[in-house]
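Shown next, in structure tokens, is the structure this report addresses.
The values are calculated or read from the model by the stated rules, or taken from the named source; none is laboratory data. This one's a predicted model, so the numbers in the text were calculated from it and none came from an experiment. Heads up, the Cβs are rebuilt from the backbone with ideal geometry, glycines too, and the neighbour counts pull from every protein chain shown. All accessible areas refer to the heavy atoms of the entire protein, side chains included, with ligands and DNA or RNA removed. Shrake-Rupley method; radii C 1.70, N 1.55, O 1.52, S 1.80 Å.
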Amino acid sequence: MRILSVSSECEPFSKTGGLAEVCRDLPLALARRGHDVRVLTPWYPQVPSSLGAREVSRHRCDFGGPKPFALGEAPFGAVRAFFIRSPLIPGLSEDERTASTDRYGKTREHERFWFFCSAAAALLDDWDWSPQVVLCHDYWSALLLPMLAPRPRRSRLVLVVHNAHLQGSFDSSKLPARLRDTGEGALPRVGSRRGRLLNFLRRGAMAADLLVAVSPTYAKELLTEERGEGLQDVFRARRRRLFGVLNGIDTERFDPATDPLIAARFDSRALPARASNKRALQRLAGLPEADVPLLAMVSRLDPQKGFLLLFRTLAPLLSQGVQLAICGDGYPWVRKLLEQLARQSSRQLSYLPFAKERETLYYAGADIFLMPSWWEPCGLGQMKAMRYGAVPLVRETGGLADTVEDYRPRTGTGFIFGELDPWALYTAVLRALATYQRPSEWRRLQRAAMRRDFSWRRAAQRYEELLMPLVRPPSGRGSRLDR
Ligand code: GLC
């Protein structure tokens with residue numbers, strides 16, 4: 001299959017969160033299965049020049065008049081990576097991104113990704129390569145789907161939903177009903193009032209031939225009032241085309257047996273080696289090297305990730321004598337609060353900003369990995385933590401519910417709580433701490449967690465099963481594309 005994956009970020013070229021990891025790993029995994037895969041993302045000024053992106057051609061698109069843009073390409077393993085460069089897509093600003101719900105800068109995010117989608121559509125006209133399947137990831141690239149839908153001999157259109165909460169530079173759920181985009185009718189003019197309130201994700205979902213949520217539970221949640229984010233009508237109307245495929249993780253990079261970034265390498269047969277990693281993490285985090293349970297979080301600092309719950313549970317939690325090490329970037333108010341709390345309880349609580357070089361030491365050194373998310377479409381942290389033998393403690397939502405099995409004596413891979421309530425989180429911690437006191441049971445839990453298969457091989461195979469019939473219907477008559 002010829003597959004084009006279009007996204008707002010793709011590691012190693014750009015990254016603000018898990019989206020970038022999936023937009024790297026999924027295309028690579030599909031290419032490994034023999035498909036002809038290309039990725040297309042913005043060429044932010046922050047794309048490191050060491051990655052070798054160079055301009056390959058120039059084009060124009062219609063965006064309230066003709067607008068030029070450049071196409072870049074960089075080496076990217078078996079996948080071809082392309083970039084769209086234009087002054088209309090300014091940088092990925094750290095400060096801006098953390099200051100608002102717009103991941104790529106507060107100002108005019110809507111407009112820049114509308115432009116990005118227009119440029120992608122124009123590129124598909126100019127290219128001598130035509131994808132059989134176009135995968136768009138989340139709202140930022142979703143508008144490409146309605147742009148492609150009316151075309152003759154068009155590609156099959158797929159929307160991958162990583163987080164339906166983000167739908168544009170406005171909170172759609174807070175708009176009065178009369179201002180909300182119904183998704184019906186032609187796209188409004190760029191810069192018009194209706195244009196500013198255009199709901200990319202709704203339009204993308206309506207135009208898609210297939211919808212993929214990043215976990216089976218999230219696919220079900222999208223149909224509900226609570227988690228459908230105001231789009232549940234669209235998801236319900238298309239429920240027969242909506243599937244959930246659990247993301248994978250890069251099991252080669254995240255491998256405790258070979259990871260050069262941790263203090264001591266280990267596997268499930270040599271768990272005592274984790275003790276050196278625990279001490280190294282305590283040192284890194286500035287915590288005393290004490291023999292107490294060490295809890296960790298590696299997370300975007302976002303209310304989505306359960307920080308409100310954590311803040312309300314913190315005092316009783318710390319009174320249990322545990323240590324908690326947190327690492328991540330995100331909303332400045334969450335960071336400031338964490339810094340302040342860490343100063344107050346410096347022997348038990350630590351906060352450090354995210355850095356790739358230290359990420360895996362948190363998984364390798366922690367006893368318990370905390371992810372009390374409010375909602376979590378998939379979540380990658382719990383899978384990585386499990387691979388390194390940190391026992392996950394998660395809320396029962398989205399991909400967390402699909403990846404962690406609650407502890408029952410002799411079965412399970414972690415600890416789960418259901419209610420969005422500080423007491424529910426706290427009692428789950430107590431259960432985990434009680435189990436931690438029983439070393440043989442704890443080791444069994446760690447091994448069970450480490451044995452779970454979170455490889456992309458499994459996930460890519462599932463994508464393939466869903467995409468193949470779109471391109472070649474089982475009737476054998478061939479798809480519209482082949483004619
Ligand atoms: C979004 C979701 C997260 C998911 C990631 C990759 O960031 O919030 O749950 O793991 O996308 O799909």
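Only residues that are over 20 Å from ARG431 (Cβ atoms), in a strand (DSSP E or B) and out of contact with any Cys (no Cβ under 7 Å at 6 or more places or on another chain): list them for the range 313-358, please.
Within the range 313-358, ALA325, ILE326, CYS327, GLY330, LEU349, SER350, TYR351 meet the criteria.
Look through the range 192-234, keep the residues that are in a helix (DSSP H, G or I) and charged (D, E, K, R), and return whichever of them is least open to solvent (accessible area, probe 1.4 Å).
Among residues in the range 192-234 that are in a helix (DSSP H, G or I) and charged (D, E, K, R), the one least open to solvent (accessible area, probe 1.4 Å) is ARG203.
Report the residue count in the range 247-263 for those that are of a type in the set (Gly, Ala, Ser) and crowded, with 17+ Cβ neighbours inside 10 Å.
Going through the range 247-263 one residue at a time, the tally reaches 2.
Scan the range 1-17 for residues that are under 12 Å from the mean Cα position of the chain (by Cα) and among the charged types (D, E, K, R) and jot them down.
Hits for the range 1-17 are GLU9, GLU11, LYS15.
So in the range 418-434, with the set limited to residues that are open to solvent by less than 10 Å² (accessible area, probe 1.4 Å) and not small (Gly, Ala, Ser), which one is farthest from ALA390 (Cα to Cα)?
The residue in question is LEU425.
Which one of these does PHE266 not meet: (1) closer than 30 Å to ASP421 by Cβ; (2) buried (at least 17 other Cβ atoms within 10 Å of the Cβ)?
(1)
Within the bounds of the range 181-188, is there any residue that is within 16 Å of the ligand (Cβ to nearest atom) and touching a residue at least 12 places away in the same chain (Cβ under 8 Å)?
no
Looking at the range 19-28, can you tell me whether even one residue there is within 16 Å of the ligand (Cβ to nearest atom), crowded, with 20+ Cβ neighbours inside 10 Å, modelled with pLDDT of 95 or more and among the basic types (Lys, Arg)?
Looking for residues that are within 16 Å of the ligand (Cβ to nearest atom), crowded, with 20+ Cβ neighbours inside 10 Å, modelled with pLDDT of 95 or more and among the basic types (Lys, Arg), one finds at least one in the range 19-28, hence yes.
Name the residues in the range 8-55 that are free of Cβ contacts under 8 Å to residues at least 24 places away in the same chain and either assigned to a loop (DSSP other than H, G, I, E, B) or of a type in the set (A, V, I, L, M, F, W, C) (or both), would you?
Once the filter is applied, which keeps residues that are free of Cβ contacts under 8 Å to residues at least 24 places away in the same chain and either assigned to a loop (DSSP other than H, G, I, E, B) or of a type in the set (A, V, I, L, M, F, W, C) (or both), the range 8-55 yields GLU11, LYS15, ALA20, GLY34, GLY52.
Looking only at strands (runs of 3 or more DSSP E) that lie completely in the range 367-438, which have at least 2 residues being touching a Lys or Arg at 6+ places or on another chain (Cβ under 7 Å)?
Where strands (runs of 3 or more DSSP E) fall fully within the range 367-438 and carry at least 2 residues being touching a Lys or Arg at 6+ places or on another chain (Cβ under 7 Å), they are 415-417.
Mind listing whichever residues of the range 396-413 are more than 16 Å from the ligand (Cβ to nearest atom) and surrounded by fewer than 19 Cβ atoms within 10 Å (Cβ to Cβ)?
GLU405, ASP406, ARG408, PRO409, ARG410, THR411, GLY412
Please go through the range 70-83 and pick out each residue that is aliphatic (A, V, I, L, M), open to solvent by 60 Å² or more (accessible area, probe 1.4 Å) and under 19 Å from GLN46 (Cα atoms).
Once the filter is applied, which keeps residues that are aliphatic (A, V, I, L, M), open to solvent by 60 Å² or more (accessible area, probe 1.4 Å) and under 19 Å from GLN46 (Cα atoms), the range 70-83 yields nothing.
Tell me the residue from TRP374, TRP333 that is without any contact (Cβ under 8 Å) to a residue 24 or more places away in the chain and assigned by TED's automatic domain parsing to the domain that holds ARG395, please.
TRP333
Inside the range 266-291, can you point out the residues that are over 16 Å from ILE326 (Cβ atoms) and among the hydrophobic types (A, V, I, L, M, F, W, C)?
Those that are over 16 Å from ILE326 (Cβ atoms) and among the hydrophobic types (A, V, I, L, M, F, W, C): PHE266, ALA270, LEU271, ALA273, ALA275, ALA280, ALA290.
What single numbered condition from (1) loosely packed, with under 13 Cβ neighbours inside 10 Å; (2) at pLDDT 90 or above fails to hold for LYS67?
(1)
Can you tell me which residues in the range 241-268 are part of a loop (DSSP other than H, G, I, E, B) and of a type in the set (Gly, Ala, Ser)?
GLY248, ALA257, ALA263, ALA264, SER268
Is it true that LEU361 is free of Cβ contacts under 8 Å to residues at least 40 places away in the same chain, away from the ligand (no atom under 16 Å from the Cβ), in a helix (DSSP H, G or I) and in the same structural domain as ASP402 (by TED's automatic domain parsing)?
When the stated conditions are applied, LEU361 does not pass them.
Open to solvent by 30 Å² or more (accessible area, probe 1.4 Å) and more than 23 Å from SER130 (Cα to Cα) - does that describe any residue in the range 142-150?
Scanning the range 142-150, I find no residue that is open to solvent by 30 Å² or more (accessible area, probe 1.4 Å) and more than 23 Å from SER130 (Cα to Cα), so the answer is no.
Residue check, LEU166 against (1) within 16 Å of the ligand (Cβ to nearest atom); (2) modelled with pLDDT of 90 or more; (3) open to solvent by 20 Å² or more (accessible area, probe 1.4 Å), all met but one. Which one?
Condition (2) is where LEU166 drops out.
Can you work out which of the residues in the range 1-18 that are under 17 Å from SER130 (Cβ atoms) and not polar (S, T, N, Q) is most open to solvent (accessible area, probe 1.4 Å)?
Here the answer is ARG2.
Examine the range 269-284 for a residue that is touching a residue at least 60 places away in the same chain (Cβ under 8 Å), assigned to a loop (DSSP other than H, G, I, E, B) and either within 16 Å of the ligand (Cβ to nearest atom) or surrounded by 14 or more Cβ atoms within 10 Å (Cβ to Cβ) (or both), and state whether such a residue exists.
No, the range 269-284 has no match at all.
Scan the range 294-308 and give yes if some residue there is surrounded by 14 or more Cβ atoms within 10 Å (Cβ to Cβ), away from the ligand (no atom under 16 Å from the Cβ) and closer than 23 Å to LEU166 by Cβ, otherwise no.
Checking the range 294-308: at least one residue is surrounded by 14 or more Cβ atoms within 10 Å (Cβ to Cβ), away from the ligand (no atom under 16 Å from the Cβ) and closer than 23 Å to LEU166 by Cβ.
Taking the range 206-217 as the region of interest, how many residues are within 16 Å of the ligand (Cβ to nearest atom) and under 17 Å from CYS136 (Cβ atoms)?
Here the count works out to 4.
Is the range 456-476 home to any residue that is under 26 Å from the mean Cα position of the chain (by Cα), over 18 Å from MET297 (Cα atoms), open to solvent by 80 Å² or more (accessible area, probe 1.4 Å) and within 16 Å of the ligand (Cβ to nearest atom)?
Checked against the condition, which is being under 26 Å from the mean Cα position of the chain (by Cα), over 18 Å from MET297 (Cα atoms), open to solvent by 80 Å² or more (accessible area, probe 1.4 Å) and within 16 Å of the ligand (Cβ to nearest atom), the range 456-476 yields at least one hit.
What's the number of the only condition in (1) within 16 Å of the ligand (Cβ to nearest atom); (2) buried (at least 22 other Cβ atoms within 10 Å of the Cβ) that TYR331 fails to meet?
All conditions are met except number (2).
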